[in-house]
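Down below is the structure, laid out as structure tokens.
What follows draws every value from the coordinates through simple rules; no lab data is involved. Everything numeric in this text was worked out from a predicted model, so none of it was measured. Cβ: placed from backbone, ideal geometry, glycine included. Neighbour counts: every protein chain shown.
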Amino acid sequence: MSTETRWLSTEESAAWVRLVALTELLPGALDAQLLRDAGLTHFEYGALMALADASDRTMRMTELAARTNATLPRLSHVARRLEERGLIERHPCPEDRRATNATITETGLALLESAAPGHVDTVRANVLDALTPEQLGQLYEIAGAVLAQLDPDERLTATSCQFSEGPALARAG
């Protein structure tokens, strides 16, 4: 095993700096819109979306922590805030009384429904509208390659889809 450092080339360094800038700036833009329109952080929105998509709109807190890439203490703190707002309910898991389940409420679903259009507009304005259909496919592939390294269990990996430059993307854009 070599201990020699593989320094970044000029091109690698430039790409890395841009990726870091993106990961620093995008969360703030997403948070700003969601906080303004729904009083939610992007993390809270993601947790509510995970619950809304779950079977019976319910998930064990440990599974929700994994799906949101959160520690259980962080998620418990966020869940307490969401519960105080009536957006979720927590209750013992019927299959394992030691575990806790979280369920999104009708109020939580209504808030997601009202927040979604602004969130989609923000995603489009800050990311998607800046890309050509070809770049969108490249972004999907690049993110997938990096996620394969960071998330081998595919906790946060989006479902696969086919990209083309045909009418489907033109209609979606």
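Quick notes on this one:
- Mean-square fluctuations from a GNM of the chain, with a 10 angstrom spring cutoff on Cα atoms, peak among Val123, Val146, Val20 at Val20.
- Distant-in-sequence amide contacts of Ala70, defined by a placed amide H-H separation under 5 Å and a gap of 5 or more residues or a different chain, comprise nothing.
- Where labels lie 7 Å past Cα in the beta-carbon direction, separation of Leu109 and Glu83 in nm: 2.1
- Label corresponding to Cα extents along the principal axes in Å when calculated from the structure given, among [x] 49, 39, 35; [y] 53, 49, 30; [z] 40, 36, 27: [y]
- Shape category assigned to region 101-158 from the gyration tensor of Cα positions, a/c cut at 1.5: oblate
- Helix 133-150 vs. the chain, principal-axis angle (Cα, 0 to 90°, nearest 10): 70
- For the chain, the longest principal axis of the alpha carbon atoms and the long axis of helix 72-84 meet at an angle near 60°.
- In this Cβ point-charge picture (+1 for Lys and Arg, -1 for Asp and Glu), the chain has a dipole of about 500 debye about its Cα centre.
- Charge-dipole axis of the chain as Lys and Arg at +1 and Asp and Glu at -1 on Cβ define it, positive-most pick from Leu128, Ala115, Leu75: Leu75
- Relative protection proxy for 37-45, 5-13, 83-91, from highest mean packing down: 37-45, 83-91, 5-13 (other beta-carbon atoms within 10 angstrom).
- Neighbour counts of C-beta atoms inside 10 Å place Ile104, Ile142 in the sequence Ile142, Ile104, starting with the fewest.
- Helix 42-53 and the long axis of the chain differ in direction by around 70°, with both axes built from C-alpha atoms.
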